[in-house]
Amino acid sequence: MSEILVEYYSYFRFAHYIFFVSWMAMLFYQPRLYVYHAENMDKPEFVKVVEVMEYKMYHYIGWIALIGSFVTGALIILAIPDLLKSGYVHVKLTTVIVMAIYHLDLGRYMRLLKEKRCTKDGMFFRAYNEVPTVAMIVIIWMIVFKPF
């Protein structure tokens with residue numbers, strides 16, 4: 001079976017990069033929507049539009065991209081199991097776990113904002129928006145330089 005997976009390794013990587021970029025787009029944009037939401041709570045018509053955007057971004061792009069990233073990542077590891085012997089892969093996987101937790105936390109904030117129970121303001125979400133940037137830098141550094 002591993003020989004078959006190795007044959008498709010480049011395709012798995014290609015798909016993995018597409019899913020990763022899509023997931024990062026969601027992780028970058030979702031908190032920006034929360035900035036707009038938090039700063040315009042006094043404009044119900046605007047908030048309704050933002051809530052639709054938040055929902056669609058989170059569920060239709062975010063979850064599909066997260067699952068696609070995880071599945072293609074698993075296929076890459078199944079095709080080349082020796083990757084797990086490389087320290088950089090462990091750092092990358094740890095960072096991916098942090099990103100998944102961040103993803104889930106974005107879902108929590110989306111619910112809190114919709115229920116008008118969120119106590120965070122636009123400045124918080126502007127700062128919180130930097131988490132995926134740091135994660136992306138770590139992941140790309142690991143992929144390019146393989147320091148361990």
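Quick note: the coordinates plus some simple rules give every number you see, no bench work behind them. These numbers were taken from a predicted model, which means no experiment stands behind them. Counting neighbours? That spans all protein chains shown, and the Cβs are built from the backbone with ideal geometry, glycine included.
What's the extension gain from ALA127 to GLU45 if we count 0.36 nm per residue and subtract their Cα-Cα distance? Each step should come with its number before you reach the end.
Working: separation 82, 0.36 × 82 = 29.52 nm, distance 2.59 nm.
Between ALA127 and GLU45, full extension yields 26.9 nm more.
Values of log10 I(q)/I(0) for the range 33-148 across q = 0.14 Å⁻¹ run -0.68, by the Debye formula with one identical scatterer at each alpha carbon and no solvent. The count of lysine pairs in the chain with alpha-carbon distances below 15 Å, taking only pairs 8 or more places apart or on different chains, stands at 8. Mind checking the angle between helix 63-79 and the chain's longest principal axis? C-alpha axes, 0 to 90 degrees, to the nearest 10. Tilt relative to the chain: about 10 degrees.
Taking label positions 7 Å along the Cα-Cβ direction at both LYS146 and TYR60, the computed distance is 4.0 nm, reported to one decimal. Against the chain, whose longest principal axis comes from its Cα atoms, helix 131-145 is set at around 20 degrees. To the nearest 10 degrees, how steep is helix 9-39 against the longest Cα principal axis of the chain, on a 0 to 90 scale? Value to nearest ten degrees: 20.
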